[in-house]
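Following: one structure in structure tokens, then a few remarks.
Read-outs: derived from the displayed coordinates by stated rules, not from any lab. It should be emphasised that the depicted structure is a prediction, and the values quoted were computed from it without experimental measurement. Here the Cβ is made from the backbone with ideal geometry for all residues, glycine too, and neighbour counts use every protein chain on show.
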Amino acid sequence: MHDMTAESLRNAFGGESMAHMRYKIWADKADGEGFPNVARLFRAISRAEQAHATNHFRTLKPVPGDFVCNSAGGFAYASTSENLQGAIDGETFEITEMYPAYLAIAEMQEESAAVRSMNYALAAEKIHAAMFTNAKEAVEAGGDVELGPVQICTVCGHTVEGDAPDVCPICQAKKDKYVAFA
């Protein structure tokens with residue numbers, strides 16, 4: 001694997017790993033503030049971020065070693081509304097800056113596994129940003145978000161409210177690869 005693509009994957013792994021943990025922490029905060037559906041949304045999307053980190057990590061299998069990673073990560077423990085804004089900002093950064101740049105490198109270097117891993121994450125991040133935006137609007141209006149079961153594809157992180165699809169629209173995994181947060 002080319003060095004620049006490997007560095008992009010390591011940095012993306014770091015960012016996804018931090019998002020995974022940050023969302024778990026923010027879920028506990030949302031529970032404490034009386035927003036159980038927001039908390040469930042944070043926990044569900046945390047699982048999707050874990051799928052992204054896992055894919056990046058596995059893609060790096062041919063490049064073992066110890067590395068310092070440059071990963072963007074919001075560090076704030078604030079109100080649920082502010083934490084949702086932090087999530088929106090993080091997802092937006094990944095959608096508009098991080099993954100487009102990393103994908104350009106991986107595509108230029110013809111690293112197909114890295115391209116696949118990053119495309120999986122990018123597609124899911126767009127859904128996450130929209131779901132967090134909806135939740136923030138509900139919280140700012142004084143209530144919890146209305147939310148049915150949230151389904152997470154454990155292969156790619158695809159996220160959907162309601163029933164899991166028979167086939168994941170991002171990675172084509174079967175329905176049994178989804179885990180429900182109800």
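Taking first residues from segment 129-141 that are closer than 16 Å to ALA19 by Cβ and in contact (Cβ under 8 Å) with a residue 60 or more places away in the chain and partners that are surrounded by 20 or more Cβ atoms within 10 Å (Cβ to Cβ) and of a type in the set (Ser, Thr, Tyr), the Cβ contacts under 9 Å between residues at least 6 apart in sequence or on separate chains come to MET131/THR159; ALA135/THR80. The condition of being of a type in the set (D, E, K, R), farther than 30 Å from GLU137 by Cα and in contact with a helix residue (DSSP H, G or I) (Cβ under 8 Å, 6 or more places away or on another chain) does not hold for GLU94.
Listed by first and then second residue, the pairs with beta-carbon distance under 6 Å, at least 6 apart or on different chains, first residue in segment 94-117 and free of Cβ contacts under 8 Å to residues at least 60 places away in the same chain, second among the small types (Gly, Ala, Ser) and surrounded by 15 or more Cβ atoms within 10 Å (Cβ to Cβ), are VAL115/ALA106. Filtering segment 154-170 to residues that are more than 15 Å from the chain's Cα centre (by Cα) and surrounded by 18 or more Cβ atoms within 10 Å (Cβ to Cβ) leaves ALA164, CYS168.
Of all the numbered requirements in (1) over 18 Å from the mean Cα position of the chain (by Cα); (2) among the aliphatic types (A, V, I, L, M); (3) closer than 16 Å to ASP3 by Cβ, ALA101 misses one, and that requirement is (1). Listed by first and then second residue, the pairs with beta-carbon distance under 9 Å, at least 6 apart or on different chains, first residue in segment 25-37 and surrounded by fewer than 18 Cβ atoms within 10 Å (Cβ to Cβ), second not in a helix (DSSP H, G or I), are ILE25/TYR77; GLU33/SER79; GLY34/ASP144; PRO36/ASP144.
Looking at segment 54-66, can you tell me whether even one residue there is hydrophobic (A, V, I, L, M, F, W, C) and closer than 22 Å to GLN172 by Cβ? Quick ask: steps written out before the conclusion?
First, pick out the residues of segment 54-66 that are hydrophobic (A, V, I, L, M, F, W, C): 57, 60, 63.
Okay, now just the ones that are also closer than 22 Å to GLN172 by Cβ, so 57.
The answer is yes; a qualifying residue exists.
Looking at THR54, THR80, which one is among the polar types (S, T, N, Q), within 22 Å of LYS24 (Cβ to Cβ) and buried (at least 23 other Cβ atoms within 10 Å of the Cβ)? Going through THR54, THR80 in turn, the sole match is THR80. Restricting attention to segment 24-78, the residues that are within 30 Å of ASP3 (Cβ to Cβ), small (Gly, Ala, Ser) and in a helix (DSSP H, G or I) add up to 3. GLY73 - would you say it is among the small types (Gly, Ala, Ser), without any contact (Cβ under 8 Å) to a residue 60 or more places away in the chain and under 23 Å from ASN11 (Cβ atoms)? Yes.
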